[in-house]
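Worksheet: one structure, shown below.
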Amino acid sequence: LLLAAQYESWGLPFSVLRGYVGSDLPKHNKNIRTITCPFTGEQLAATPAINPDVTVIHAQKADRKGNVLVHGIIGIQKEAVLAAKAAIATVEEIVDDLEAPMNSCVLPHWTLAAVCEVPFGAHPSYAHGYYDRDNAFCKEWDAISRDRAKFATWMNAHVIGTPNHTQFLAYAGIR
C-alpha cells in the first residue's frame, strides 16, 4: 500500500518490488504482474499505483491558511494526500502559526480540498503530542469487530445513530 501510494504521489503508474516474486499471490491477484528489469534482466513484481478519489487524514494542526502540520510517526499520510484526486485533513486544532518542529511534514494548503477542526479525531488511535492511544477501547473493539451482529449493533448505536462527533466522544468517555 505504501509503495502504491508513494508511486502515484510521484506521478508514476506502478510500483516495482521483489516481495511477490516466487509466491502464489500473482495467481490470485490480477493486479500483480511480472516485469523484467531493463538494466539487469531480473524478474520483478509490479502493482498499479493507487489513485483514490478522496483521502482523509488526521493531523495535529492547521494554520488559518489551510497548511497542515503532521509530525511524529506519520506513516503514509503525505503520500496518501499527494496520490489522491482530493484530500481532506481533520486536525486537533487550527492555529495562527504552525510552529513546526524539526523533521515534521507540512502539507501545503493547495494539496488539500478541505481542513476541518476535529479534536480527538484520531480516536481510538493517538495524536502525537495531544493524547495517547485508547487501549481499553481497542481491546473492546477487537471483540466487537469479530462478530458481525455485535459490529452492526455497535455501528448503529455509535456511528449511524450518533448525530455528531461530540456525542461519540461522550460515549467513548472523552468529553
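Just so you know, in region 126-139 the residues that are out of contact with any strand residue (DSSP E or B) (no Cβ under 6 Å at 6 or more places or on another chain) and surrounded by 14 or more Cβ atoms within 10 Å (Cβ to Cβ) include one that is farthest from A59 (Cα to Cα), and it is F137. Picking from residues in region 30-44 that are over 28 Å from A87 (Cβ atoms) and aliphatic (A, V, I, L, M), the one that is most open to solvent (accessible area, probe 1.4 Å) is I35. With respect to the conditions (1) open to solvent by 50 Å² or more (accessible area, probe 1.4 Å); (2) free of Cβ contacts under 8 Å to residues at least 40 places away in the same chain, K65 falls short on a single one, namely (2). Scanning region 82-104 for residues that are in contact with a strand residue (DSSP E or B) (Cβ under 8 Å, 6 or more places away or on another chain), modelled with pLDDT under 95 and of a type outside the set (D, E, K, R) yields a total of 4. Looking at region 30-45, I want the residues that are assigned to a loop (DSSP other than H, G, I, E, B) and have a partner that is surrounded by 12 or more Cβ atoms within 10 Å (Cβ to Cβ) and of a type outside the set (F, W, Y) with Cβ atoms under 6 Å, at least 6 apart or on another chain. Which pairs are those? Within 6 Å, the pairs are N31/T47; N31/P48; I32/L25; I32/P26; I32/A45; I32/T47; C37/L44. Could you please give the count of residues in region 73-98 that are surrounded by fewer than 17 Cβ atoms within 10 Å (Cβ to Cβ), part of a loop (DSSP other than H, G, I, E, B) and over 14 Å from the mean Cα position of the chain (by Cα)? Summing the residues that are surrounded by fewer than 17 Cβ atoms within 10 Å (Cβ to Cβ), part of a loop (DSSP other than H, G, I, E, B) and over 14 Å from the mean Cα position of the chain (by Cα) in region 73-98 gives 3. Residues being over 28 Å from H165 (Cα atoms) and either of a type outside the set (S, T, Y) or touching a residue at least 24 places away in the same chain (Cβ under 8 Å) (or both) are entirely absent from region 78-96. When only residues in region 14-29 that are outside any loop (DSSP other than H, G, I, E, B) and open to solvent by less than 60 Å² (accessible area, probe 1.4 Å) count, which is farthest from A89 (Cα to Cα)? Looking at the filtered set, the residue picked out is P26. For the condition open to solvent by less than 20 Å² (accessible area, probe 1.4 Å) and under 18 Å from L3 (Cβ atoms), T47 does not qualify.
Looking at I32 and the list (1) in contact with a helix residue (DSSP H, G or I) (Cβ under 9 Å, 6 or more places away or on another chain); (2) under 30 Å from Y126 (Cβ atoms), which single condition is not satisfied? It fails just one condition, (2). Taking first residues from region 146-175 that are in contact (Cβ under 8 Å) with a residue 12 or more places away in the chain and partners that are open to solvent by 90 Å² or more (accessible area, probe 1.4 Å) and among the charged types (D, E, K, R), the Cβ contacts under 8 Å between residues at least 6 apart in sequence or on separate chains come to L169/R175.
The values are calculated or read from the model by the stated rules, or taken from the named source; none is laboratory data. These figures come from a predicted structure and were not determined experimentally. Virtual Cβ from ideal backbone geometry, glycine too; neighbours counted across all protein chains shown. Heads up: the accessible areas ignore ligands, DNA and RNA and are worked out on the full protein's heavy atoms, side chains in. Shrake-Rupley method; radii C 1.70, N 1.55, O 1.52, S 1.80 Å.
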